[in-house]
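Note sheet for the following structure.
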Amino acid sequence: MFLLSIPEDSFDLTPFKVEVPKFSLIVYGRGMELPAFTLERSIINLRSQVIKTVPLPEMIFLESPYAEEGQVIAFINDENEMREFLDNAWSLGVRGDVMTCGNAKSKGDIAVHSFAGDLCEIRLSISLLNSILGGGKRDNRLSKELDFSDLSEFISMKSSEISQELPQFIISPVLYPSKYFLEKFTGKTVKGYFDVTFQDSNVIYTEVDAMPMRRIAFSLRKEGKKVKEVKINVDPLLAPIYLSLIAHYIKVG
């Protein structure tokens, strides 16, 4: 068990027992981008398989009525979205699984797997990555990083690098799955690489996508805006999880 120590409390980040079923499509609802893209990227990076990932409305309105979806794995928390997904899947004969940090009952050929606890979505993301690990060099390195032995120190250090005075975050493509939690925990606007209107900002990126984000930071400084650059220098598969935890640390710190 690993407990993340924060100023007011500690949270268990021990992975859930997760078995990833067979699937051909990943679907995600609001607030579940982090586990969905953690699973997608883990399979692409560690198993060399291309996986399609779509938001729930795209599946319901643009895909499932017109094409055979195959086996689906969905990440949904919102009750209304859950109802829409289960009803849609039942009426069209879609098969698959739902992973949720809420409550719902299985319906038709869709099995619902519920998880609970503080930082549930983040812990689920850790669990999914952990379940995909094999015996490769990168897998072994990630396995060591997932013991989180220096996590509290790292999060404390990185949170201190972020300027609380700046009203906006701009996050890199690698970090974009953490957008929901960064907004939720800090209450600030979060923009991404493809946005065009920026204020004074913390520009946050990883080693692999530093160059385009540094160009954005340079352009903002030329416009006279205040910019603070922060690099999350961990494996790209873990970086959105770390940024989500940093955002939570900022909230309670």
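Take the conditions within 30 Å of Gly70 (Cα to Cα) and free of Cβ contacts under 8 Å to residues at least 12 places away in the same chain and apply them to Gly108. Does it pass?
no
Given (1) within 18 Å of Arg30 (Cβ to Cβ); (2) aliphatic (A, V, I, L, M); (3) touching a residue at least 40 places away in the same chain (Cβ under 8 Å); (4) in a helix (DSSP H, G or I), where does Leu129 come up short, assuming only one miss?
The single condition Leu129 does not satisfy is (1).
Out of curiosity, is Ser219 in contact with a helix residue (DSSP H, G or I) (Cβ under 9 Å, 6 or more places away or on another chain), in a helix (DSSP H, G or I) and either over 15 Å from Ser163 (Cβ atoms) or not small (Gly, Ala, Ser) (or both)?
no
Can you tell me which residues in the range 196-210 are outside any strand (DSSP E or B), under 19 Å from Ala239 (Cβ atoms) and touching a strand residue (DSSP E or B) at 6+ places or on another chain (Cβ under 9 Å)?
If the condition is that a residue be outside any strand (DSSP E or B), under 19 Å from Ala239 (Cβ atoms) and touching a strand residue (DSSP E or B) at 6+ places or on another chain (Cβ under 9 Å), then Thr206, Glu207, Ala210 are the ones that fit.
Please tell me if Tyr180 is in contact (Cβ under 8 Å) with a residue 40 or more places away in the chain, closer than 30 Å to Ser91 by Cβ and touching a Gly at 6+ places or on another chain (Cβ under 8 Å).
Yes.
Which condition from (1) farther than 26 Å from Ile43 by Cα; (2) touching a residue at least 60 places away in the same chain (Cβ under 8 Å); (3) in contact with a Leu (Cβ under 9 Å, 6 or more places away or on another chain) is the one that Tyr242 breaks?
Of everything listed in (1) farther than 26 Å from Ile43 by Cα; (2) touching a residue at least 60 places away in the same chain (Cβ under 8 Å); (3) in contact with a Leu (Cβ under 9 Å, 6 or more places away or on another chain), Tyr242 misses just condition (1).
Assess whether Leu39 counts as being farther than 23 Å from Lys179 by Cβ, crowded, with 21+ Cβ neighbours inside 10 Å and at pLDDT 95 or above.
When the stated conditions are applied, Leu39 does not pass them.
For Gly192, are the conditions met, namely being over 14 Å from Ile241 (Cα atoms) and either in contact (Cβ under 8 Å) with a residue 60 or more places away in the chain or of a type in the set (A, V, I, L, M) (or both)?
Spelling it out, it is not the case that Gly192 is over 14 Å from Ile241 (Cα atoms) and either in contact (Cβ under 8 Å) with a residue 60 or more places away in the chain or of a type in the set (A, V, I, L, M) (or both).
Of Ile51, Ile44, Ile73, which residue is touching a helix residue (DSSP H, G or I) at 6+ places or on another chain (Cβ under 7 Å) and modelled with pLDDT of 90 or more?
Within the list Ile51, Ile44, Ile73, the selection yields Ile51.
Being surrounded by 13 or more Cβ atoms within 10 Å (Cβ to Cβ) and closer than 23 Å to Phe16 by Cβ narrows it down to one residue among Gly70, Gly108, Gly134, Gly96; which is it?
Gly96
Among the numbered criteria (1) more than 28 Å from Asn45 (Cβ to Cβ); (2) assigned to a helix (DSSP H, G or I), which single criterion is violated by Ser163?
Among (1) more than 28 Å from Asn45 (Cβ to Cβ); (2) assigned to a helix (DSSP H, G or I), the lone unmet condition for Ser163 is (2).
The values are calculated or read from the model by the stated rules, or taken from the named source; none is laboratory data. The structure presented is a predicted model; accordingly, all values stated were derived computationally and were not measured. A quick note on method: Cβ atoms are made from the backbone with ideal geometry, for glycine too, and the neighbour counts reach across all protein chains shown.
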